[in-house]
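Visitor: Before I ask anything, here is the structure I am working with.
The values are calculated or read from the model by the stated rules, or taken from the named source; none is laboratory data. Since this is a predicted model, take the numbers as computed values, not measurements. FYI the Cβ positions are ideal-geometry reconstructions off the backbone, even for glycines, and counts take in every protein chain you see.
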Amino acid sequence: MSRIATRFAALKKEGRGAFIPFLEAYDPDPATSMAILRGFPRAGADLIEIGMPFTDPMADGPTVQRAGQRGLKAGATLAGTLAMVRDFRREDDATPVILMGYYNPILSYGVERFCTDASASGVDGLIVVDVPPEEADEIEPSTKANGLDLIRLIAPTTDDVRLPRVLAATSGFVYYVAITGITGTRSATTEALAAAIPRIRQHTSLPIAIGFGVRTPQQAAEASRIADGAVVASALIDTLAATLDEQGRAKPDTVRKVLDQVRALSDAVRAA
């Protein structure tokens with residue numbers, strides 16, 4: 001079993017959902033980003049999502065856009081992001097790591113080379129936002145050859161005709177986009193999520209994680225109760241950004257404040 005399948009199976013036995021925090025690679029600098037990544041599991045992360053900075057992140061709102069800009073300014077590259085995962089794996093060989101990003105940098109790096117290097121670095125899954133199932137042959141053969149899960153986004157607008165097609169091309173888990181829109185702008189209601197998740201479950205046995213708009217401990221708890229996991233991104237980035245000085249540099253309490261928030265979110269998910 002992959003790390004992703006193993007982790008979700010273990011959580012199912014525990015009777016709880018997964019907490020999946022997000023960080024943007026190199027935000028606001030490589031050392032701070034790495035310290036947060038290393039601290040995630042101890043603070044309660046069950047899986048980890050790492051953003052690969054890109055100049056045109058079409059699915060992301062201002063918060064993640066600015067994080068990506070800070071990461072790029074600090075020198076982020078795909079090779080640097082993979083190096084972060086390799087460094088993380090020296091201390092943690094169990095926590096699943098998913099990279100989230102866009103196809104252009106992967107294409108520039110070389111699809112086969114990227115998937116080979118990602119797998120060798122300890123990456124478990126990829127979310128490539130702008131590669132739909134119709135274009136899966138661009139990357140899917142390389143992900144399969146290297147044991148990488150290709151995690152798909154399902155939106156509220158994904159109808160019953162399209163849903164099975166998207167899910168058929170998905171592995172690892174399903175990422176349910178809770179809102180119609182970009183990241184970090186608003187949140188879905190509990191009622192909307194409660195109606196959406198059963199519809200997806202009719203077509204797949206894969207775990208379902210809810211993201212885009214999950215910000216508070218209460219929302220994370222509700223998402224993990226309704227589905228199988230909660231992804232929190234913009235709220236953590238907002239906390240990080242609020243600690244930076246006028247030059248955008250991390251302060252001594254930056255890492256602590258982010259990890260304290262991760263701990264609070266994780267505690268809520270576990271209590272749910």
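Visitor: Could you give every pair whose Cβ atoms fall below 7 Å, whose first residue belongs to region 51-65 and is without any contact (Cβ under 8 Å) to a residue 24 or more places away in the chain and within 17 Å of residue 98 (Cα to Cα), and whose second residue is surrounded by fewer than 21 Cβ atoms within 10 Å (Cβ to Cβ) and charged (D, E, K, R), counting only separations of at least 6 or pairs across chains?
Guide: none
Visitor: Any chance you could count how many residues in region 190-219 are in contact with a strand residue (DSSP E or B) (Cβ under 8 Å, 6 or more places away or on another chain) and more than 24 Å from residue 171 (Cβ to Cβ)?
Guide: Adding up the residues that qualify gives 2.
Visitor: Hey, can you tell me all the residues within region 47-72 that are under 20 Å from residue 152 (Cβ atoms) and either of a type outside the set (A, V, I, L, M, F, W, C) or in contact with a Lys or Arg (Cβ under 8 Å, 6 or more places away or on another chain) (or both)?
Guide: 47, 49, 51, 57, 60
Visitor: β-branched (Val, Ile, Thr), in contact with a Lys or Arg (Cβ under 9 Å, 6 or more places away or on another chain) and modelled with pLDDT of 95 or more: which single residue out of 179, 139, 127 fits that description?
Guide: Only one candidate qualifies: 127.
Visitor: Same structure again: Condition check: more than 30 Å from residue 243 (Cα to Cα) and either without any contact (Cβ under 8 Å) to a residue 24 or more places away in the chain or within 16 Å of the chain's Cα centre (by Cα) (or both). Does residue 112 satisfy that?
Guide: In short, no.
Visitor: Right, another one. Going by what's in this entry, would residue 38 be described as out of contact with any Asp or Glu (no Cβ under 8 Å at 6 or more places or on another chain), of a type in the set (Lys, Arg), modelled with pLDDT of 95 or more and not in a loop (DSSP other than H, G, I, E, B)?
Guide: No, not satisfied.
Visitor: Can you spot a residue in region 77-88 that is among the charged types (D, E, K, R), surrounded by fewer than 16 Cβ atoms within 10 Å (Cβ to Cβ) and in contact with a Ser or Thr (Cβ under 8 Å, 6 or more places away or on another chain)?
Guide: yes
Visitor: Sticking with this structure for a sec: Consider residue 223 carefully, then state whether it is modelled with pLDDT of 95 or more and either more than 13 Å from residue 36 (Cβ to Cβ) or in a loop (DSSP other than H, G, I, E, B) (or both).
Guide: It is false that residue 223 is modelled with pLDDT of 95 or more and either more than 13 Å from residue 36 (Cβ to Cβ) or in a loop (DSSP other than H, G, I, E, B) (or both).
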